[in-house]
Amino acid sequence: MSNAAFVPTARHLAQVRYEIRGPLAKRAHELERQGHEVIKLNIGNPAAFGFRTPATMRLALIENLSQAEGYCHQKGIFPAREAIVMETQSRGIKGVTAEDVFMGNGVSELILMTMEALLEPGDEVLLPAPDYPLWTASVVITGAKPVHYPCRESNGFIPDPEEVAAMVTPKTKALVLINPNNPTGAVYPEHVVKALVRIAEERRLVLFSDEIYDKILYDGARHYPVAKYCENTLCGTFGGLSKVYRACGLRTGWLFFSGQKQHAQKYLETLELLASLRLCANVPGQWAVQTALGGVQSIYELTAPEGRLGRQRAAALAGIEASKYLKVVKPMGAMYALPGVKT
Ligand SMILES: Cc1ncc(COP(=O)(O)O)c(C=O)c1O
């Protein structure tokens, strides 16, 4: 018997892709070991480029370390969940209590858990293309089918709600938005957010919105949280410390539910079961959440035209503008641009 066959591998995982940590990243690692310097832009890791977590958050971590040695509640520590509730209130989102908030080891873990609790083989989930690839992978892992709605460059990478509506089938269970978007930097206008919410409400789809870049905005762009508009279906919104607060190593993310929760009790209980199976999310990072969300939001200094992110964006755009071969839709949010080749 060959070694390859000796240890079996779950066959359904053969279809799971995560190229940003795949063969290209492995090749970069090999080159580094040969002494080459490689600038790694494959994952959005602000710390690798000298961005620091706000000092107040570091102090909050240190101050609370002695309280962070044990497991906490499966949904997370109360002060963190309550801080998230208060932020929803200040954004005009109604009906969220600490019970509706789940803390996770990054948004990543919560994406995996929400898909696992929802999907069965054969179900479909509407996802944006281009996609942050964990979303597609998380659907594939369950045996369900990712169905990608196009966000075309010709439309500023903004989805067309009519096209999305036409892709809903009786098997569709959820509609996913990533706004502001990775990898395109698109920030969806209010009328598009509202139209996508309406589709989810009318077709009884769970609406999931990955808003991890919600405060990373440029040139006066405004972010419209889906939860503000969604009343008649279950709505799950994801956020975290990784990007806005430059603290991805803390592995602290959150998910809050709003909208039609009464019809989702079984689903929410199943999600809590999954949260319980992993006991709890990283506790030290959760102690930084209240401090992060309150007071001065240092990200706005970075995204201002004279701030580091503002200047880097301008430099990238100027470089592409000067190129004979490249073109790009101006990113209005997040930390990325998706240039295309002129034809
Ligand atoms: C759109 C999007 N969602 C989720 C994540 C994962 O974030 P976390 O560090 O909270 O797991 C990323 C990371 O790049 C992302 O870009």
**SER108 vs. criteria without any contact (Cβ under 8 Å) to a residue 12 or more places away in the chain, surrounded by fewer than 22 Cβ atoms within 10 Å (Cβ to Cβ) and among the small types (Gly, Ala, Ser)** = no
**Message:** Just to be sure I understand the filter: pairs with C-beta atoms under 8 Å, separated by 6 or more residues or on different chains, first member in segment 128-152 and under 19 Å from ALA334 (Cβ atoms) and of a type in the set (Gly, Ala, Ser), second member at pLDDT 95 or above and part of a strand (DSSP E or B). Which pairs pass?
**Reply:** ALA129/HIS148; ALA129/TYR149; ALA129/PRO150
**Asked** Looking at segment 265-278, is at least one residue touching a strand residue (DSSP E or B) at 6+ places or on another chain (Cβ under 8 Å), at pLDDT 95 or above, over 16 Å from ASP100 (Cα atoms) and not aromatic (Phe, Trp, Tyr)?
**Response** no
**Item:** ALA80 modelled with pLDDT of 95 or more, away from the ligand (no atom under 16 Å from the Cβ) and of a type outside the set (Asp, Glu)
**Value:** no
**Request:** Quick one: which residue in GLY310, GLY240, GLY294, GLY249 is in contact (Cβ under 8 Å) with a residue 60 or more places away in the chain, crowded, with 19+ Cβ neighbours inside 10 Å and of a type outside the set (Val, Ile, Thr)?
**Result:** GLY240
**Prompt:** Do the conditions hold for VAL226, that is, is it among the β-branched types (Val, Ile, Thr), surrounded by fewer than 24 Cβ atoms within 10 Å (Cβ to Cβ) and within 29 Å of PRO331 (Cα to Cα)?
**Reply:** no
**Message:** Looking only at segment 199-225, filter to residues that are farther than 18 Å from TYR132 by Cα and in contact with a Cys (Cβ under 9 Å, 6 or more places away or on another chain); which one of those is nearest to the ligand (Cβ to nearest atom)?
**Reply:** VAL206
**Message:** Being of a type outside the set (S, T, N, Q) and closer than 30 Å to GLU272 by Cβ narrows it down to one residue among HIS36, HIS12; which is it?
**Reply:** HIS12
**Prompt:** Of the residues that make up segment 254-265, is at least one farther than 19 Å from GLY50 by Cα, surrounded by fewer than 17 Cβ atoms within 10 Å (Cβ to Cβ) and without any contact (Cβ under 8 Å) to a residue 24 or more places away in the chain?
**Reply:** yes
**Message:** Which of the numbered conditions does TYR245 fail, given that it passes all the others? Conditions: (1) at positive phi; (2) within 16 Å of the ligand (Cβ to nearest atom).
**Reply:** (1)
**Request:** Select from segment 167-192 the residues that are away from the ligand (no atom under 16 Å from the Cβ) and not in a loop (DSSP other than H, G, I, E, B) and list them in ascending order.
**Result:** THR172, LYS173, GLU190, HIS191, VAL192
**Prompt:** Before we move on, is LEU234 touching a residue at least 24 places away in the same chain (Cβ under 8 Å), within 16 Å of the ligand (Cβ to nearest atom) and not acidic (Asp, Glu)?
**Reply:** no
**Message:** Please count how many residues of segment 77-105 are closer than 21 Å to GLN67 by Cβ and among the small types (Gly, Ala, Ser).
**Reply:** 4
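Can you name every residue in segment 180-208 that is within 20 Å of the chain's Cα centre (by Cα) and without any contact (Cβ under 8 Å) to a residue 60 or more places away in the chain?
Of everything in segment 180-208, those that are within 20 Å of the chain's Cα centre (by Cα) and without any contact (Cβ under 8 Å) to a residue 60 or more places away in the chain turn out to be TYR188, PRO189, GLU190, VAL192, VAL193, LYS194, LEU196, VAL197, ALA200, LEU207.
The values are calculated or read from the model by the stated rules, or taken from the named source; none is laboratory data. Note that this is a predicted model, so its numbers are computed, not measured. Glycine gets a Cβ as well: all are built from the backbone with ideal geometry, and neighbour counts include every protein chain shown.
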